[in-house]
Amino acid sequence: MSGNQGSTAPAAGMTASWVAYAAILIVGLLSLFSLYMGFLNYADNTDIALVYLFIGAAGFAAIGYMLFRGKPTTAKTETLVVKKVEVFTTLECPKCQQKRVRDFKRGDYVYKDDEPCTRCDGMMIITKISRKKEEEKKKDESSWL
Amino acid sequence: MILIFGQVLPTQQTDLNVILQTIYSFAFIIYLFYAQKIQTLQMLRQIEVTLRKVKNVKEEARNQTVKTFVEIGKPSGDIAPRVDRFMDFFSIGLENMDPSGIVDKMDHFLKTNKHIYEAEVKALAPNATPTERNNLENLIEVSQALNIYYKVIRHFYLLGKKTMNIYVIMQVHMILPQLIQMVEAYASGIQAFQEGMPIGDSVGAIVAAKLMHGYPQRDIAEEIVAAEVPYEGRTLIVFKAKGPGGSVGNPDEGLINILEERRGKVKIIITVDAAGKLEGEPVGQVSEGIGAAIGGSGKEKFKMEEVTNRHKIPMHAIAIKQGMEHVVAPLIEPLFDATDKAVESVKRIVLDYTEPGDTVIVAGIGNTIGVGQ
């Protein structure tokens, strides 16, 4: 694209994630094996089984920590798009107070004499231009604030 | 505990235990030395994901800009190369080593900047009306902003990748949520500037428009229109940027001109503008205070403060609170409804702080896109 202006695109390869996920996979497999050994030995040799279980649990805890530590600082990127929203234009007749709401058209502006009133001989004026009301956000834990 | 470990690993020298011991030792050593490296790679990955999305947004904005220029301006040739060149346009900040006189320098700088934008947009969209040209100026500014965000994130990403220095990478990783918020905000402005819809920043202009609609109007400064509105025995001189094109005008010059005309005989000045809300504050909350409610480069605020101080006129401020995501996005209903509350606030301040026969200046600050008068 000509708009790119010779920009260097991010590397196509996934080197960064590959190494990280490979490390997580190895630790995960080892931890799983450790847990398996723990359960296997639990009846015969409880002490050894506990150590296996401890190592397995520690491994999973380490994985959780690795995944979790980077997450809080980043935000969701799903909303990073150029989106179009529905915008409405409200027209009112100053003479007979008739009100009409329609989709926004290019060229509309607040206080524009827009179109003849269908009820009287007056001219309808645009009195409001706004986007559809946002849906009420789900109540979260901080709603008491 | 050590004894228990001893039971598992060294004492029972089965093959399995030797293998396990080796693997655990390796895993421990790898984690000991490479934990930071793994974290660095994770952060790079997160930056890369964001960068890809910002790149898409920036390219979409550029394409929409070209499309709108072609649709509205009907240029004769291919304007894409010129739009691309202008996307990289930059302005060098003023030197403030000796701050004396910097406001006048800023004034000149901003006028030069505006002149360049006007000339470029006129060349790119020769058949656009002045109102449409104002909107197109805003549109290209949004595309430029998105381009800059992309380039800055890309710079830190590539620099971090090159050096693998966690501190370089952390610089951008730490502010990634804020960057995403800013990019999101600009992305939502594309539609508004393409179509000429009122935006969150237009609330100040809407308040002024509601007060001055139906009264004789006149131009009092560059892109500033004013009207004298009688109210309860007082005279309100209401001004705003001249709409409905996307412009903020020069409200400082408007105020100075009115005060010169009235020889400073004004009881109070009320400025109304959009203001950033703190997390937890509702969108559309109307707050009152004192001072000049105006953003921008600071030049306008300085000049307004200077002239009101010279005449010793109190300045009241009305702020309509909104989030960063609302400022350039198409206006949402709670913000439009908040303008009615702000009009009531203006009227109440006038009644509380002035007497019949007084003159009051009301300034509706902000971008007047999609707002007439």
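The values are calculated or read from the model by the stated rules, or taken from the named source; none is laboratory data. Please read all numbers here as calculations on a predicted model, not as lab measurements. Every residue, glycine among them, receives a Cβ derived from its backbone with ideal geometry; neighbour counts consider all protein chains shown.
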Among the residues in the range B:70-78, are any touching a helix residue (DSSP H, G or I) at 6+ places or on another chain (Cβ under 9 Å), within 7 Å of chain A (Cβ to nearest Cβ) and in contact (Cβ under 8 Å) with a residue 12 or more places away in the chain? no
If you check B:Glu288, B:Glu281, which single one turns out to be more than 23 Å from B:Met106 (Cβ to Cβ), over 21 Å from the mean Cα position of the chain (by Cα) and outside any helix (DSSP H, G or I)? B:Glu288
Which numbered condition B:Thr271 misses (of (1) of a type outside the set (Gly, Ala, Ser); (2) assigned to a helix (DSSP H, G or I); (3) more than 14 Å from chain A (Cβ to nearest Cβ)): (2)
Taking the range B:151-182 and the residues there that are among the basic types (Lys, Arg) and out of contact with any Leu (no Cβ under 7 Å at 6 or more places or on another chain), the one that is nearest to B:Ile38 (Cα to Cα) would be B:Lys162
Quick one: is B:Ile47 in contact (Cβ under 8 Å) with a residue 40 or more places away in the chain, closer than 30 Å to B:Ala125 by Cβ and among the aliphatic types (A, V, I, L, M)? no
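To keep it simple, each residue is scored yes or no on (1) more than 11 Å from every other protein chain (Cβ to nearest Cβ); (2) buried (at least 24 other Cβ atoms within 10 Å of the Cβ); (3) touching a helix residue (DSSP H, G or I) at 6+ places or on another chain (Cβ under 7 Å).
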residue: B:Ala145; (1), (2), (3): yes, no, yes
residue: B:Lys151; (1), (2), (3): no, no, no
residue: B:Gln171; (1), (2), (3): yes, no, yes
residue: B:Ser188; (1), (2), (3): no, yes, yes
residue: B:Phe193; (1), (2), (3): yes, yes, yes
Given the condition under 24 Å from B:Tyr150 (Cα atoms) and of a type in the set (Val, Ile, Thr), answer yes or no: does some residue in the range B:202-215 qualify? no
Return yes when B:Val360 is more than 13 Å from chain A (Cβ to nearest Cβ), surrounded by 20 or more Cβ atoms within 10 Å (Cβ to Cβ) and at pLDDT below 95 and no when it is not. no
Go through the range B:196-237 and report how many residues are without any contact (Cβ under 8 Å) to a residue 60 or more places away in the chain and outside any strand (DSSP E or B). 5
Any hit, the range B:118-131, residues being surrounded by 16 or more Cβ atoms within 10 Å (Cβ to Cβ) and within 11 Å of chain A (Cβ to nearest Cβ): yes
Could you pull out the residue among B:Met324, B:Met304 that is within 30 Å of B:Ala192 (Cα to Cα), of a type outside the set (Val, Ile, Thr) and surrounded by fewer than 20 Cβ atoms within 10 Å (Cβ to Cβ)? B:Met324
Meets criteria (out of contact with any His (no Cβ under 7 Å at 6 or more places or on another chain), facing another protein chain (nearest Cβ under 9 Å), closer than 30 Å to B:Glu253 by Cα and polar (S, T, N, Q)) for B:Ser202: yes
Does the range B:298-325 hold any residues that are basic (Lys, Arg), farther than 26 Å from B:Leu278 by Cβ and touching a strand residue (DSSP E or B) at 6+ places or on another chain (Cβ under 8 Å), and which are they? none
Starting from residues that are basic (Lys, Arg) and under 21 Å from the mean Cα position of the chain (by Cα), keep the ones in the range B:43-64 and report whichever is nearest to B:Ala80 (Cα to Cα). B:Arg62
Just give me the residues in the range B:236-266 being surrounded by fewer than 24 Cβ atoms within 10 Å (Cβ to Cβ), modelled with pLDDT under 95 and in contact with a Phe, Trp or Tyr (Cβ under 9 Å, 6 or more places away or on another chain), in sequence order. none
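If I filter the range B:65-86 down to residues being polar (S, T, N, Q) and under 23 Å from the mean Cα position of the chain (by Cα), which single residue comes out as surrounded by the most Cβ atoms within 10 Å (Cβ to Cβ)?
Residue satisfying both the conditions and the ranking: B:Thr65.
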Could you check how many residues of the range B:188-205 are more than 16 Å from B:Leu335 (Cα to Cα) and of a type in the set (D, E, K, R)? 1
Show the residue pairs meeting these rules: Cβ distance below 9 Å; 6+ apart or different chains; first residue within the range B:88-106 and surrounded by 11 or more Cβ atoms within 10 Å (Cβ to Cβ); second residue among the acidic types (Asp, Glu) and not in a loop (DSSP other than H, G, I, E, B). B:Phe89/B:Glu120; B:Val103/B:Glu306
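Just one of B:Val343, B:Val328 is within 30 Å of B:Glu132 (Cβ to Cβ), within 14 Å of another protein chain (Cβ to nearest Cβ) and either out of contact with any strand residue (DSSP E or B) (no Cβ under 7 Å at 6 or more places or on another chain) or among the acidic types (Asp, Glu) (or both); which is it? Don't jump to the end; show me each part of the working.
Details: B:Val328 fails: either out of contact with any strand residue (DSSP E or B) (no Cβ under 7 Å at 6 or more places or on another chain) or among the acidic types (Asp, Glu) (or both).
Sole residue among the options that is within 30 Å of B:Glu132 (Cβ to Cβ), within 14 Å of another protein chain (Cβ to nearest Cβ) and either out of contact with any strand residue (DSSP E or B) (no Cβ under 7 Å at 6 or more places or on another chain) or among the acidic types (Asp, Glu) (or both): B:Val343.
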